[in-house]
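What follows is one structure encoded as structure tokens, with my remarks underneath.
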Amino acid sequence: MPTLQEIVDKKLILTHFQPQVSLKRKAVIGLEALSRGFDPETGDIIPPNLLFEQANDGASRLALDRVCRTKAMESFAALHRRDKTVMLSMNIDASCINSLTRGSNHLLKLVERCGISPNNVIIEIIESRCSDVDALMEFVRFYRKKDFLIALDDVGAGYSNLDRIPLIKPDVIKLDRSLISGVNRHFHKLEVVRSFTQMSNRIGSLVVAEGVETSSEAMCLLENGIDVFQGFYFARPAPGLDAVPGMSEKVDALADQHRLNRTRRIAEEKRLFSRLDLIVLTMCQILADTPSRGIRHALSKFMVTYPNVECLYVLDMKGRQMTDTVCNPERLKESKRFLYEPASMGADHSLKEYYLPIQAGLEKFTTPPYISLASGNLCTTIAHVVYHRASGRHIILCADLTREEDKTCS
């Protein structure tokens, strides 16, 4: 295998591209440049891990990084001449960005020489690898003014510094494959992905999911607001035009399945909420004629009758709890009893999500699924105003109902 110096001097670098696919547009919108070394004597490819681990000091990392950038730009130039809409995503070794290198304008000179518009280039940065924050910010400001786009790579990985997001204000946020792998089976991963997606939508960043390897992962991500995907499920890295395979059948199949899933889930949600609403309405009708001293007993009977009810409690119209919380003991997690505890009589619910809409004038409100503070389980709370005829005043019945089916994507 050639030495690192030979690789740099002779530019023994091959650029492979991996497509970034938009399912809604049904098109490849970008290509990430991925560098490999090669041995000219044997023709063997040098994998990225073996290639980059040879660069163990600042000077060698910078030299290798610049050769990789140059080969990527030169390889992309031919593709760019054919299709001016496709973007090039190119990694920059952030550890090379410092006060000595930030004014080199190496990238700017490259795009000018290769005839590539800066608008078509996304600079991917793993910002946690940069020790000189001032140099990083000056680098970002300079290239953004020159119309390059900036991406934060590996977001959500263990070493990702999320506090840099508001500083860098990335145009693209690439979610790390550690979050994406098995996202359709792991509720906690899915919630983290949802959080990043919601944040990105609000700050105007495009989310790209890296490392998508199955149709189930792609479908789950699509159903939760992500549209751009990169991973082996769509295509493996390949040189030149081979990186843009015909994926119409795969993309069309996912789009059709997405439509089918969305229609089915909407119908299921409608049936579910109709059933839950009927349960709560039935309980309200019974409570309306129950004497005040019998409310606690009535809640206990409801718990036996309706097994998917986790907790029941009654509030006054000021949001103060009038009864202890009655819970289904089979649904309380003993291991989490110190973290989650049912509220007691007198507890103040006036800032809870299910109370505020009632205070604003609604007769009934249903929350999105959330982790219950009473049980530690995923639940939906339905709050419903009841005219309690026995006391001549209005009260609020709150029912926490199990939402096991929302823990993963279907």
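Computed from the coordinates by the stated procedures, all read-outs in this text should not be read as laboratory data. Given the structure is predicted, the values throughout are model-derived calculations rather than measurements. Note that we place each Cβ from the backbone using ideal geometry, even for glycine, and neighbour counts take in every protein chain shown.
Backbone phi angles across region 173-181, fed through the Karplus curve with coefficients 6.51, -1.76 and 1.60 (θ = phi - 60°), yield HN-Hα couplings of 10, 9, 6, 5, 4, 5, 7, 6, 4 Hz in residue order; Gly and Pro are listed as x.
Relative to the longest principal axis of the Cα atoms of the chain, helix 248-288 runs at roughly 20 degrees. Phi angles of region 64-72 translate, via the Karplus equation with coefficients 6.51, -1.76, 1.60 and θ = phi - 60°, into HN-Hα couplings of 5, 4, 5, 5, 5, 4, 4, 5, 5 Hz per residue; Gly and Pro are given as x. Annotation: extensible slack from SER178 through ARG393 equals 72.0 nm (criterion: 0.36 nm per residue apart, minus Cα-Cα distance). Can you tell me the 0 to 90 degree angle between the C-alpha axis of helix 295-305 and the longest principal axis of the chain, rounded to 10? Between the helix axis and the principal axis of the chain, the angle is about 60 degrees. Taking label points 7 Å from Cα along the Cα-to-Cβ direction, ARG320 and GLU353 give a separation of 2.7 nm. Couplings 3J(HN,Hα) for region 372-380, derived from phi with the Karplus relation 6.51 cos²θ - 1.76 cosθ + 1.60 (θ = phi - 60°), are 5, 6, 7, 10, x, 9, 6, 8, 10 Hz, where x marks Gly and Pro.
Taking amide H positions as modeled 1.01 Å from N, with prolines and chain starts lacking one, the residues under 5 Å from LEU31 and 5 or more places away or on another chain are GLN20, MET87, LEU88, SER89.
Stretched out fully, how many nm does the piece from SER22 to ASP277 gain, at 0.36 nm a residue minus the Cα gap?
Working it through step by step, the gained length comes to 88.0 nm.
One compactness figure for region 274-335 is 1.15, namely its Cα radius of gyration divided by 2.2 N^0.38 Å.
Note on LYS24: lysines with a C-alpha under 21 Å away, same-chain residues under 8 apart excluded, are LYS84, LYS174, LYS250.
Just need the relative contact order of the chain here, percent rounded to a whole number, with Cα pairs under 8 Å and 6+ apart. Before the final figure, lay out each step's value.
Values: 700 pairs, mean separation 49.2, N = 410.
Computed value for the chain: 12 percent relative contact order.
Near the amide H of THR323, within less than 5 Å, lie the amide hydrogens of VAL314, GLY346, all on another chain or at least 5 residues away, with H placed in the peptide plane. Where does helix 187-203 land angle-wise versus the long Cα axis of the chain, in degrees 0 to 90, nearest 10? Here the helix axis deviates by roughly 70 degrees. Gain on full extension, evaluated as 0.36 nm per residue between GLU53 and LEU167 minus their Cα-Cα distance, stands at 38.1 nm.
Global dimensions of region 231-309 from alpha-carbon coordinates: Rg and Dmax equal 25.5, 78 Å.
Once you have the Kirkwood Rh of the chain from its Cα pairs, apply Stokes-Einstein at 4 °C and 1.567 mPa s and quote D in µm²/s.
Working: Rh = 24.9 Å.
Answer, rounded: 52 µm²/s.
Given R₀ = 56 Å, what would the calculated FRET efficiency be for HIS258 paired with ARG293, taking r from the Cβ atoms and rounding to 0.05? Taking R0 as 56 Å, the efficiency between HIS258 and ARG293 is 0.55.
Can you tell me which of 383-389, 141-147 comes out highest on packing, and rank the rest after it, using the mean Cβ neighbours within 10 Å? If you can, show how the numbers build up before the last one.
Working: 383-389: 18.7, 141-147: 14.0.
Descending packing order for the listed peptides: 383-389, 141-147.
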